[in-house]
1. Relative contact order for the chain using alpha-carbon pairs under 8 Å, separation at least 6, rounded to a whole percent?
2. Rank Ala77, Ala230, Ala11 by mean-square fluctuation in a GNM of the chain with C-alpha springs under 10 angstrom and give only the top-ranked residue.
3. Determine the shape class of the stretch 255-381: with a ≥ b ≥ c the square roots of the Cα gyration tensor eigenvalues, call it rounded for a/c under 1.5, and otherwise prolate if a/b is greater than b/c, oblate otherwise.
4. Considering all projection directions equally, how large on average is the shadow of the alpha-carbon convex hull of the stretch 325-366, in square nanometres?
5. Roughly how far apart, in whole Å, are the Cα centres of the stretch 308-356 and the stretch 132-193?
6. Once the stretch 166-211 is represented by equal point scatterers at the alpha-carbon sites, with solvent omitted, what log10 I(q)/I(0) does the Debye formula produce at q = 0.24 Å⁻¹?
7. Counting other beta carbons within 10 Å of each residue's own, what order do Tyr98, Tyr221 fall into, fewest first?
8. Given 10 °C and 1.306 mPa s, compute D for the stretch 1-105 with the Stokes-Einstein relation, Rh being the Kirkwood radius over Cα pairs; round to the nearest whole µm²/s.
Amino acid sequence: MTETSHAPSHALLSGRVRGAKPSATKEMTRLANQLKREGRSVITLSQGEPDFPTPRHVREAAKAAIDRNESRYTDVAGTLALREAVARKFERDNGLVYGVDQIQVGCGAKQLLYNALQATLDPGDEVVVPVPAWVSYPEMVRLAGGTPVIVRCGASTGFKLTAARLQGAITARTKWLMLNSPSNPSGAVYTRQELLALAQVLSRHPQVWVMADDVYEKIRYEDTPFATPAAVSPELAARTLTINGVSKAYAMTGWRVGFGAGPAELIKAMNLVQSQSTSHTSSISQAAAIAALDGPMDFLPGFLQAFRRRRDAVVARLNGIDGVACDLPPGAFYAFPSCQGLLGRRDESGQTIESDADLALYLLRVAGVAVVPGSAFELPGHFRVSYAASDAELDEAMARIGDACAQLR
Ligand code: PMP
Ligand code: GLU
């Protein structure tokens, strides 16, 4: 039986699902895994997750929680102990003070974003999404029945939203602005000044809320202090949901713990959504997250040193490829080079590489390297390389990409 014979008939699917795309990061990784199963040597740089082990004290805390039999349902919003640890984190790192009723814990930062959009969007409601943006933002907006308003922010503004562009994107239907700093995929980091300029625009549009996705907060390579929207303007804090999690900073992607903080009324609505869907994330993962948030951060400099070394090497190698150009990203663990110079060239069979999507498929087929096309992040003409992989894998991947690109005529 072929896979398609099991596909649900079109009539079964909702308009919301028919109007959304599957996650491109997951899709490229699935294609890469399929080739691996067929015996091909494939290097997967399509899914961004730290390749380090979860710190030992966090693993020990999880084992202890299992032995204490912390195996029951928890509060929908997350355990009180974890929400208290989250409150301490926001105060310590960001100078933001939240009560436990202003905090929700979910299955990754991803679920926080999802809950918030489900809790607030009606058909026709607009969400401003500066792009390039993480593949899931526009699709989550669509799944919630809303309309993403895509605002292109290219290399000329450091891939960042400016006050003028924000002003131009807001309408009477705008409910949210989604901001992500450091950014996936560009690595761009907003300064306090830049956030203040955006806050000034938003002060004229009190109906617009801000979803601040800070999951890469700890993955930054410059000394400037971290800035987050709720901390730059108290007026904005009253309509900001600040989202963070343990996936990136603590190498805990599979544990599925994210959290968000904002006005209690919003959190209450998000708890309603969560109570009718996943209930909460795993009780054991929540115990581990407390140890992560309250524990020592002595492993972080090592993570950052490795990421920085890989970033510098990958960006230098990409810039050595004719037709590719890449700025040095100040945060996260992705390089987001332009591939404009390669478009229009032909592969060995005479097929033209018309787009970044063609290039990504070509690199997977010919080089055996999985990357994600820029169009998946709504900025065509680029591709994303996750450098959260071993130095040896990156070295091999860059050699293969360089060879494959050199074969294009
Ligand atoms: N936001 C951004 C920008 C991300 O890149 C990711 C990871 N793909 C997430 C949120 C979600 O992370 P998690 O659900 O693992 O916390
Ligand atoms: N942050 C990762 C990425 O963008 C995880 C995969 C995902 O959830 O999209 O590749």
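1. With pairs under 8 Å counted, the relative contact order is 22 percent.
2. Among Ala77, Ala230, Ala11, the largest GNM mean-square fluctuation belongs to Ala11.
3. In terms of gyration-tensor shape, prolate.
4. Seen from a random direction, the Cα hull of the stretch 325-366 projects 3.5 nm² on average.
5. If you average the Cα positions of each part, the centres end up 23 Å apart.
6. Rounded to two decimals, the profile gives -0.92.
7. Tyr221, Tyr98
8. 83
None of the figures in this text is laboratory data; all of them are computed from the coordinates on show. Just so we're clear, the structure is a prediction, and the values are computed from it rather than from any experiment. Note that each Cβ is placed from the backbone with ideal geometry, even for glycine, and that neighbours are counted across all protein chains shown.
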